[in-house]
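Please read the structure below before turning to the comments.
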Amino acid sequence: MSRFWSDLATRLTPYVPGEQPRGTRLIKLNTNENPYGPAPGVLAALANISADQLRRYPDPESSELGAAWAAREGLQADQVFLGNGSDEVLAHAFAALLKHEQPLLFPDISYSFYPVWCELYQVPFQAVPLRDDFSVQVDDYNTPCGGIIIPNPNAPTGRIMPLDDVSRLLTAHRDCVVVIDEAYIDFGGHSATALVADHNNLLVIQTASKSRSMAGMRVGAAFGQRELIQGLVRVKDSFNSYPLDVVAQQAMLASLADEEWIDSCCKRVVATRERTASALQQMGFDVLPSAANFLFARHKNQHAADLFAALRERGVIVRYFNKPRIEQFLRISIGTDEDMDALLAALQDILA
Ligand code: PMP
């Protein structure tokens with residue numbers, strides 16, 4: 001008898017996150033965390049959580065937070081959906097909005113969780129090759145499809161698609177849902193939330209993990225017109241889950257209250273990114289233009305796997321994807337200036 005679960009373990013290939021080393025003193029540039037920590041008001045809000053707040057169940061709708069985050073994007077409270085990190089929001093989007101007979105399209109080099117969700121939720125998909133310069137071009141998406149998802153800036157390449165192109169994509173695909181995954185948008189892009197009012201097929205995903213330096217808290221959001229948001233709410237309610245706990249709601253509210261901090265933090269990361277990119281180029285790396293908090297770079301004559309191993313031996317951990325077309329690249333998260341100096345010194349040593 002064939003049993004659905006008998007080959008589940010072999011059929012499902014789980015997403016493999018970047019390593020979180022324990023107890024070792026590594027310079028960790030492998031999971032695109034923000035080195036500066038959340039706005040000071042976030043820590044104060046956490047210190048002020050009361051026993052009474054913890055005693056009660058949280059607001060299942062996270063209404064106050066939803067309204068505040070939507071307002072930041074120029075949207076209404078019923079145009080936002082919150083979740084435990086954008087991964088959870090994305091999972092709900094795959095389950096609720098992206099399953100059709102026609103394939104879901106996404107770039108062949110993009111967030112490696114997408115094919116995992118497709119497998120999990122039985123969503124047929126087709127990966128669309130990036131151009132030779134690793135850019136995403138809207139004209140490559142002119143095939144019949146059941147939906148489109150694009151990280152913008154793309155991960156792990158860091159390349160960004162201009163907002164005009166996002167707009168063209170939305171107009172060309174009025175009948176299907178287009179998800180723009182903006183995990184890294186604050187490091188150099190313009191959010192597609194500005195297009196929500198004119199496009200009922202658009203869902204924009206954001207996270208507190210990167211620019212707000214709150215990856216440990218797990219806060220993410222989707223923005224879109226009410227009908228799409230209601231689809232996500234329906235899935236969440238079916239799991240009877242709370243999107244966010246009391247602590248995360250208070251922390252995120254405090255983060256939204258200090259946009260200046262976020263802004264200056266992102267500017268620091270961008271300045272360090274640009275300085276690191278030039279230094280890497282001088283060492284013989286091709287570096288893709290990045291609008292994110294990481295760089296994607298390949299050395300002209302050294303193998304990425306060897307560089308990855310040699311860096312690790314020297315206490316610097318970056319990300320290496322052993323995948324076709326990008327096996328020569330390293331993805332390097334932007335840390336503090338000191339972190340990046342240590343990376344550059346280790347590379348000098350390796351390449352000497
Ligand atoms: N989308 C992209 C493109 C990402 O790189 C990440 C981070 N791994 C996520 C979504 C998920 O981030 P989080 O769940 O921390 O919000």
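The values are calculated or read from the model by the stated rules, or taken from the named source; none is laboratory data. Here the structure is a predicted model, which is why all the values come from computation and not from measurement. Cβ atoms come from the backbone with ideal geometry, glycine included; neighbour counts cover every protein chain shown.
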Can you work out which of the residues in the stretch 75-102 that are among the charged types (D, E, K, R) and not in a loop (DSSP other than H, G, I, E, B) is farthest from Ala215 (Cα to Cα)? Asp78
Check Leu120, Leu104, Leu97, Leu90 and return the single one that is assigned by TED's automatic domain parsing to the domain that holds Val219, at pLDDT below 95 and surrounded by 20 or more Cβ atoms within 10 Å (Cβ to Cβ). Leu97
Looking at the stretch 271-288 only, could you name the residues that are surrounded by fewer than 18 Cβ atoms within 10 Å (Cβ to Cβ) and in contact (Cβ under 8 Å) with a residue 40 or more places away in the chain? Arg275, Ala279, Met283, Gly284
Go through the stretch 160-194 residue by residue and tally those that are closer than 20 Å to Asn142 by Cα and touching a Cys at 6+ places or on another chain (Cβ under 9 Å). 2
Using beta carbons and a limit of 7 Å, which pairs, at least six apart or on different chains, have the first residue in the stretch 209-226 and more than 16 Å from Asp186 (Cα to Cα) and the second one among the acidic types (Asp, Glu) and surrounded by fewer than 24 Cβ atoms within 10 Å (Cβ to Cβ)? Arg226/Asp78
Within the stretch 140-170, how many residues turn out to be in a helix (DSSP H, G or I) and either touching a residue at least 24 places away in the same chain (Cβ under 8 Å) or within 17 Å of the chain's Cα centre (by Cα) (or both)? 8
Can you tell me which residue within the stretch 183-210, out of those that are among the hydroxyl-bearing types (Ser, Thr, Tyr), under 12 Å from the mean Cα position of the chain (by Cα) and within 18 Å of Gly66 (Cα to Cα), is surrounded by the fewest Cβ atoms within 10 Å (Cβ to Cβ)? Ser209
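Yes/no per residue for (1) assigned by TED's automatic domain parsing to the domain that holds Phe294; (2) within 12 Å of the ligand (Cβ to nearest atom); (3) part of a loop (DSSP other than H, G, I, E, B); (4) on the phi < 0 side of the Ramachandran plot:
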| position | (1), (2), (3), (4) |
| --- | --- |
| Ala197 | no, no, no, yes |
| Asn200 | no, no, yes, yes |
| Leu203 | no, no, no, yes |
| Arg218 | no, yes, yes, no |
| Ala221 | no, yes, no, yes |
| Gly231 | no, no, no, yes |
